[in-house]
1. Please determine whether any residue of region 186-205 is at pLDDT 95 or above and surrounded by 21 or more Cβ atoms within 10 Å (Cβ to Cβ).
2. Which ones in region 1-33 are free of Cβ contacts under 8 Å to residues at least 60 places away in the same chain and assigned to a loop (DSSP other than H, G, I, E, B)?
3. Just wondering, is there one or more residues in region 105-114 that are crowded, with 18+ Cβ neighbours inside 10 Å, modelled with pLDDT of 95 or more and charged (D, E, K, R)?
4. Give all pairs with beta carbons closer than 8 Å in which a residue from region 127-153 that is more than 25 Å from G231 (Cβ to Cβ) meets a residue that is among the small types (G, A, S) and at pLDDT below 80; count only pairs at least 6 apart in sequence or on separate chains.
5. Considering only residues that are of a type outside the set (V, I, T) and surrounded by 16 or more Cβ atoms within 10 Å (Cβ to Cβ), which ones fall in region 145-154?
6. Of everything in region 197-222 that's over 18 Å from the mean Cα position of the chain (by Cα) and of a type outside the set (F, W, Y), which residue is nearest to A11 (Cα to Cα)?
7. Of the residues R94, R90, which is out of contact with any strand residue (DSSP E or B) (no Cβ under 9 Å at 6 or more places or on another chain), in a helix (DSSP H, G or I) and surrounded by fewer than 23 Cβ atoms within 10 Å (Cβ to Cβ)?
8. So which residues in region 97-117 are assigned to a helix (DSSP H, G or I) and either of a type outside the set (D, E, K, R) or in contact with a helix residue (DSSP H, G or I) (Cβ under 6 Å, 6 or more places away or on another chain) (or both)?
Amino acid sequence: MTILVVGATGATGRLLVKQLLDEGHSVKAVVRSKEKLSELEETYPRLIQIKGTVLAMSDVELADILEDCDSVCSCLGHNLSFKGMYGKPRRLVRDSLMKLCSAIEANRPENPVKFILMNTNGNTNRDLEEHYALKERFILKLLEILLPPHTDNIEAAEYLRTQIGNQHPNIEWVAVRPDSLIDEETVTPYTLEPSPVRGVIFDSGKTSRINIANFMARLCYDPGLFEQWKGQMPVIYNAE
């Protein structure tokens, strides 16, 4: 199995790439610099690094990269700096997702390609009746107005939900919603829920990046797990 990972050098993306390689899969990683994954490339011959960014690549280049890919995983995000949050591109995640989906469609794959998006628990699944406390709704709306990266995440998931949908002939998708991110050394037990079971601002839970990577990797290679969550936006929590 061959998986394309974008955002591969980020804190979660690196963990995802390693877990996929450890499972024996081939990984194509789109990276700005090959240095951050150089150690993995030396250890795992199944890792192919492609220097560049999705937004800078032509449609033909992307289609060629995706031609033999069974899945696409996006761990793209904005740098937590003023320039990263307020500079261009304002819609890095959404626009990259749209270009990747267009390239998949152009290839007309024999079997649908899985698209697994790392999203945020602060984004509501509008297919479900998800209820947030009034004070949390206020803060989330404020974040949507003041923080472009938050809006970017919302619009990326909305594109999958409304434009790709659940009947697309070439693309099937899952948008993974972690809670407050933490770092841990190893994969630990975690729970998956269709909707948040606790507050997303107040009384939020925790999700380790390595557990997110594990869930995303399993969605790539475990057909039963993918079928369970296909077309949904599962929330992932570390088990308490």
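The values are calculated or read from the model by the stated rules, or taken from the named source; none is laboratory data. Bear in mind that the values here come from a model prediction, so they are computed numbers and not experimental data. Cβ atoms come from the backbone with ideal geometry, glycine included; neighbour counts cover every protein chain shown.
1. Start the filter on region 186-205 by keeping residues that are at pLDDT 95 or above, which leaves 186-194.
Add one more test, that the residue is surrounded by 21 or more Cβ atoms within 10 Å (Cβ to Cβ), and what stays is none.
No: region 186-205 contains no residue that is at pLDDT 95 or above and surrounded by 21 or more Cβ atoms within 10 Å (Cβ to Cβ).
2. T9, G24, R32, S33
3. Yes, because at least one residue in region 105-114 is crowded, with 18+ Cβ neighbours inside 10 Å, modelled with pLDDT of 95 or more and charged (D, E, K, R).
4. A133/G199; E136/G199
5. Scanning region 145-154 gives P148, P149, H150, D152, N153.
6. G205
7. R94
8. The initial filter retains those residues of region 97-117 that are assigned to a helix (DSSP H, G or I), namely 97-107.
Correct list: L97, M98, K99, L100, C101, S102, A103, I104, A106, N107.
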